[in-house]
Amino acid sequence: MILSPSLLSADVGNLAAELSALEAAGLRWVHWDVMDGRFVPNITFGQHVIRQLRKRSGLFFDVHLMIVEPENYLSEFQAAGADMLVVHAEATRHLQRTLAEIRRLGMKAGVALNPATPLSALEYVLEDVDMILLMSVNPGFGGQKFLPITYEKIRRLRRMLDERRLETLIQIDGGVTPDNTADLVRAGADVLVSGSAFFSVPPYEARRLAFESKAEEARSLTL
């Protein structure tokens, strides 16, 4: 299990220090929620912030674009230092073309689905993605309650990937805590995004271990 803390819940006035603290705590990934105020009702980080912080961090930058027409900004986020770009199936007119361009630019490509978007939206792009993000809340704000219907969606997606013998990662974002980590991992999740449930309970190393121990518990029960 990979834990990707969402900077949406970090101390945004001290992002450089927060990134350093995450690295020191043994984290490998960090999640950037990029919102434009159009696709979701909020505005957050942009490519200029990511570019400045890229110089200060060796973490894997997992960049989630909650913006309309993300295809217009792919090269800018690549230049800013994104390692992976995740676009919403609901936000781009030509999804396969957008995913192919992300890979052409040298980044990992991901696609996100809102809670009400069916898995059928992925049927013809599964070979074009490195990760699929299933939103377990409606996007736009941190601190929301996890939607339990997500468990069945994860299980169905895992079966789809297994049937095609794909090693695509499944990421879950929204309401993720140590309390539901074991169930998420058992259902088939690989990458967990946690914002307020991670950053509100320092120190970060102990919090990382709390998530990882639950993931290990899930793996031991499935052996």
- line: Here the residues within the stretch 178-214 that are open to solvent by 40 Å² or more (accessible area, probe 1.4 Å) and either touching a His at 6+ places or on another chain (Cβ under 6 Å) or not in a helix (DSSP H, G or I) (or both) are D190, S200, V201, P202, P203
- prompt: Could you say which residue among L161, L166, L192, L122 is under 26 Å from I102 (Cα atoms), of a type in the set (A, V, I, L, M, F, W, C) and touching a Ser or Thr at 6+ places or on another chain (Cβ under 6 Å)?
  reply: L161
task: Test T92 against the criterion of being open to solvent by 20 Å² or more (accessible area, probe 1.4 Å), β-branched (V, I, T), modelled with pLDDT of 95 or more and not in a helix (DSSP H, G or I), and give yes or no.
output: no
- request: Might you let me know whether the stretch 159-167 holds any residue that is basic (K, R), assigned to a loop (DSSP other than H, G, I, E, B) and closer than 23 Å to L8 by Cα?
  value: no
message: Filter the stretch 108-124 down to the residues that are buried (at least 18 other Cβ atoms within 10 Å of the Cβ) and assigned to a loop (DSSP other than H, G, I, E, B) and list them by number.
response: N114
message: It is to be established whether one or more residues within the stretch 51-67 are farther than 26 Å from I154 by Cα, among the aromatic types (F, W, Y) and touching a strand residue (DSSP E or B) at 6+ places or on another chain (Cβ under 9 Å).
response: no
query: Would you pick out the residues in the stretch 125-146 that are farther than 21 Å from R103 by Cβ, surrounded by 15 or more Cβ atoms within 10 Å (Cβ to Cβ) and either over 12 Å from the mean Cα position of the chain (by Cα) or at pLDDT below 95 (or both)?
result: V137, P139, G140, F141, G142, Q144, F146
message: Condition first: at positive phi and surrounded by fewer than 17 Cβ atoms within 10 Å (Cβ to Cβ). Now tell me which residues in the stretch 162-177 satisfy that.
response: R165
- request: Name every residue in the stretch 63-82 that is buried (at least 17 other Cβ atoms within 10 Å of the Cβ), of a type outside the set (V, I, T) and over 18 Å from A16 (Cβ atoms), in order of residue number.
  value: H64, L65, M66, P70, E71, Y73, L74, F77, Q78
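The values are calculated or read from the model by the stated rules, or taken from the named source; none is laboratory data. If you're wondering where the values come from, they're calculated on a predicted model, not measured in any experiment. Cβ sites come from the backbone with ideal geometry, for glycine too, and all protein chains shown count toward neighbours. Surface areas here come from the heavy atoms of the whole protein model, side chains and all, with no ligands, DNA or RNA. Shrake-Rupley method; radii C 1.70, N 1.55, O 1.52, S 1.80 Å.
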